[in-house]
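Encoded as structure tokens, the structure appears first; notes follow it.
The values are calculated or read from the model by the stated rules, or taken from the named source; none is laboratory data. Model, not experiment: these values are computed from the prediction. For neighbour counting, all protein chains shown are included, and Cβ atoms are generated from backbone atoms with ideal geometry for every residue, glycine included.
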Amino acid sequence: MQVLREIAERRTTTGFIDEVLDQETIDRILEAGRRAPSAKNRQPWRFIVVRSQAVREKLYDAAYQQDHVGEAPVIIALCSTNIDYRMPNGHDSYPMDIAIAASFMMVQAEAENVGSHALGTYNETLVKEILSVPYSMRVPLLLLLGKSRHRPPLGERKPLSQIVAYDHW
């Protein structure tokens with residue numbers, strides 16, 4: 001069975017080298033996120049690209065001083081613009097929409113030989129303050145991007161036989 005190389009070989013980057021990403025690469029990664037599907041095609045996102053060292057240092061503090069946050073030359077805050085929309089089952093749609101956009105960005109980053117790390121551990125209130133995100137919006141995910149310091153081995157994946165059922169549990 002064959003899946004896209006970018007999916008099969010992607011790893012979470014836990015260390016970044018101090019190298020600037022060119023704007024064209026960042027734009028292609030953002031374009032991948034822009035093209036992601038969303039509930040009812042609402043596209044409920046805004047992407048804040050953080051390259052400023054001063055702002056990244058503040059985000060490092062808001063993310064409980066995790067080393068990889070401090071090292072990433074680019075941090076994209078994925079913000080949800082429509083936190084009140086509920087799917088017919090009553091669940092919020094924005095967490096899924098943002099996760100899909102981030103996944104598309106990470107696959108594109110892998111194609112660009114750029115490391116990525118989806119981060120959910122941070123003080124969202126501080127992040128919103130640092131980035132001047134309106135009160136009515138959420139920041140469910142920060143995406144760290146940059147050239148990887150090292151390429152960790154691929155993590156073990158469970159076989160399909162352990163995670164897939166057909167027609168019932």
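Annotations
- Only a single criterion out of (1) modelled with pLDDT of 95 or more; (2) over 16 Å from the mean Cα position of the chain (by Cα); (3) of a type outside the set (Asp, Glu) is not satisfied by His91, namely (1).
- Residues being loosely packed, with under 15 Cβ neighbours inside 10 Å and under 12 Å from Ile29 (Cβ atoms) - total across the stretch 112-132: 1
- Tally of residues being among the acidic types (Asp, Glu) and touching a strand residue (DSSP E or B) at 6+ places or on another chain (Cβ under 7 Å) across the stretch 111-137: 1
- Filter result for Asn113 (at positive phi and without any contact (Cβ under 8 Å) to a residue 40 or more places away in the chain): yes
- Long-range neighbours under 9 Å by Cβ, at least six apart or interchain, first residue over 19 Å from His68 (Cβ atoms) within the stretch 8-34, second surrounded by 12 or more Cβ atoms within 10 Å (Cβ to Cβ) and of a type in the set (Phe, Trp, Tyr): Leu30/Phe47; Ala32/Phe104; Gly33/Trp45; Gly33/Phe47; Gly33/Phe104; Arg34/Trp45; Arg34/Phe47; Arg34/Phe104
- Some residue of the stretch 139-149 being loosely packed, with under 15 Cβ neighbours inside 10 Å and polar (S, T, N, Q): no
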